[in-house]
Amino acid sequence: MADVPGALLGALEQLRCPVCGQPLALEGRVLRCGLGHAVDVARQGYANLVVGGRTHPGDTPAMVAARDAFLGAGHYAPIAQSVADALAEGGALPPGPLVDVGGGTGWYLAQVLERLPPALGVREGLCLDSSSAALRRAARVHPRVAALGVDVWRGLPLADACAAAVLSVFAPRNPAEVVRVLAPGGRWVVVTPRPEHLQELVGPLGMLSVDERKDDRLAADLADFTRAASTDLRREVQLDRADVRALVGMGPSAHHVDAGDLDARLAGLPAVLGVTVAVRVSVYAPPA
């Protein structure tokens with residue numbers, strides 16, 4: 001087991017077989033349940049618990065590289081700090097890991113773990129994502145983060161009531177599964193963009209804009225939850241053209257903006273541009 005990351009070893013008690021839901025045990029580099037269903041641990045250190053085809057392919061390697069470059073430059077550090085603050089301000093959390101659903105490269109999860117006060121008691125994190133390219137990076141993003149291949153729409157291969165808190169940062173949401181995996185007293189932190197988010201780039205670059213019905217959809221999705229707190233974060237960040245290219249390439253706009261057209265549009269921007277970062281960080285308590 002020496003070549004299996006310690007974070008993955010530490011997460012074993014929270015993991016469940018994606019086929020039958022039984023606990024998993026590690027045999028060499030294989031996770032196996034009592035019925036014999038088996039999942040290999042990839043040589044990069046993550047375990048892919050997706051069974052059958054994925055409902056969404058996840059980020060491509062190019063998108064993941066762009067995400068790694070942009071987030072690694074610290075432009076969204078205020079968002080990570082706001083998430084950590086939201087968790088800390090809610091008081092004590094139950095025992096268990098911090099679970100980032102749709103966590104991508106694990107950047108937000110690693111940042112939040114580092115920023116949480118030790119008194120809160122949360123030390124480990126689970127990064128769940130469907131992209132193998134993202135998981136390869138998440139497996140080494142932090143020594144206390146375990147990376148797991150998961151299709152959020154097919155359910156989370158985690159034990160009931162095992163998570164201290166769940167994060168959904170610009171990510172898909174499965175409320176029924178979040179209710180199931182949250183421990184009593186746990187919290188769900190959801191980060192969503194505000195209408196003015198990246199407003200200086202949307203028009204000039206042909207990026208996707210924030211859906212004006214986003215708040216209504218979120219309220220409908222989380223109707224059974226109680227919103228315990230909500231904070232709007234608004235900052236201006238200075239981005240050069242390489243930063244902007246990475247920003248476009250890491251998100252859903254990467255599927256809609258032609259690369260050649262993007263080059264021409266980028267050339268029309270100032271060398272350095274002030275760009276609005278505007279998000280809402282909401283904390284939800286599950287139904288009793």
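Highlighted here are the strands (runs of 3 or more DSSP E) found entirely within the stretch 1-61 that include at least 3 residues which are over 23 Å from the mean Cα position of the chain (by Cα) and farther than 20 Å from L98 by Cα: 24-27, 30-33.
Here is a yes/no grid of residues against (1) among the charged types (D, E, K, R); (2) touching a residue at least 60 places away in the same chain (Cβ under 8 Å); (3) more than 23 Å from D85 (Cβ to Cβ); (4) out of contact with any strand residue (DSSP E or B) (no Cβ under 9 Å at 6 or more places or on another chain):
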site: A183; (1), (2), (3), (4): no, yes, no, no
site: G186; (1), (2), (3), (4): no, yes, no, no
site: V190; (1), (2), (3), (4): no, yes, no, no
site: R194; (1), (2), (3), (4): yes, yes, no, no
site: Q199; (1), (2), (3), (4): no, yes, yes, no
site: G206; (1), (2), (3), (4): no, no, yes, yes
site: E212; (1), (2), (3), (4): yes, no, yes, yes
site: R217; (1), (2), (3), (4): yes, no, yes, yes
site: A223; (1), (2), (3), (4): no, no, yes, yes
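Restricting attention to the stretch 230-288, the residues being in contact (Cβ under 8 Å) with a residue 12 or more places away in the chain, surrounded by fewer than 16 Cβ atoms within 10 Å (Cβ to Cβ) and closer than 30 Å to A183 by Cα number 4. Restricted to the stretch 195-209, and to residues there that are at negative phi and buried (at least 18 other Cβ atoms within 10 Å of the Cβ), the residue that is farthest from the chain's Cα centre (by Cα) is L205. Residues considered: Q14, Q22. Of these, the only one that is crowded, with 20+ Cβ neighbours inside 10 Å and in contact with a strand residue (DSSP E or B) (Cβ under 6 Å, 6 or more places away or on another chain) is Q14. G103 satisfies every condition listed in (1) surrounded by fewer than 23 Cβ atoms within 10 Å (Cβ to Cβ); (2) under 21 Å from P143 (Cα atoms) except (1). Please specify each residue of the stretch 203-218 satisfying the condition of being among the hydrophobic types (A, V, I, L, M, F, W, C) and under 16 Å from V244 (Cβ atoms). Within the stretch 203-218, L205, M207, L208 qualify.
Checked against the criteria, D59 counts as touching a strand residue (DSSP E or B) at 6+ places or on another chain (Cβ under 9 Å), under 23 Å from R137 (Cβ atoms), surrounded by 19 or more Cβ atoms within 10 Å (Cβ to Cβ) and charged (D, E, K, R).
Of all residues in the stretch 210-229, those being surrounded by 14 or more Cβ atoms within 10 Å (Cβ to Cβ) and in a loop (DSSP other than H, G, I, E, B) number 3. Taken as a whole, the condition of being among the aliphatic types (A, V, I, L, M), touching a Leu at 6+ places or on another chain (Cβ under 6 Å), under 17 Å from S168 (Cα atoms) and buried (at least 17 other Cβ atoms within 10 Å of the Cβ) does not apply to V112. May I ask you to verify whether D129 is among the acidic types (D, E), surrounded by fewer than 18 Cβ atoms within 10 Å (Cβ to Cβ) and modelled with pLDDT of 95 or more? So D129 fails the test. Which residues, counting only those in the stretch 31-42, are without any contact (Cβ under 8 Å) to a residue 12 or more places away in the chain and loosely packed, with under 14 Cβ neighbours inside 10 Å? Of everything in the stretch 31-42, those that are without any contact (Cβ under 8 Å) to a residue 12 or more places away in the chain and loosely packed, with under 14 Cβ neighbours inside 10 Å turn out to be G36, A38, D40. Within the stretch 225-244, can one find any residue that is closer than 30 Å to R154 by Cα and among the aliphatic types (A, V, I, L, M)? Scanning the stretch 225-244, I find at least one residue that is closer than 30 Å to R154 by Cα and among the aliphatic types (A, V, I, L, M), so the answer is yes.
Scanning the stretch 132-176 for residues that are closer than 25 Å to R217 by Cα and either out of contact with any strand residue (DSSP E or B) (no Cβ under 8 Å at 6 or more places or on another chain) or among the basic types (K, R) (or both) yields D151, W153, R154, G155, R173, P175, A176.
The values are calculated or read from the model by the stated rules, or taken from the named source; none is laboratory data. Quick caveat: nothing in here was measured; it's all calculated off a predicted structure. As a convention, Cβ positions derive from the backbone with ideal geometry for all residues, glycine included, and neighbour counts pool all protein chains shown.
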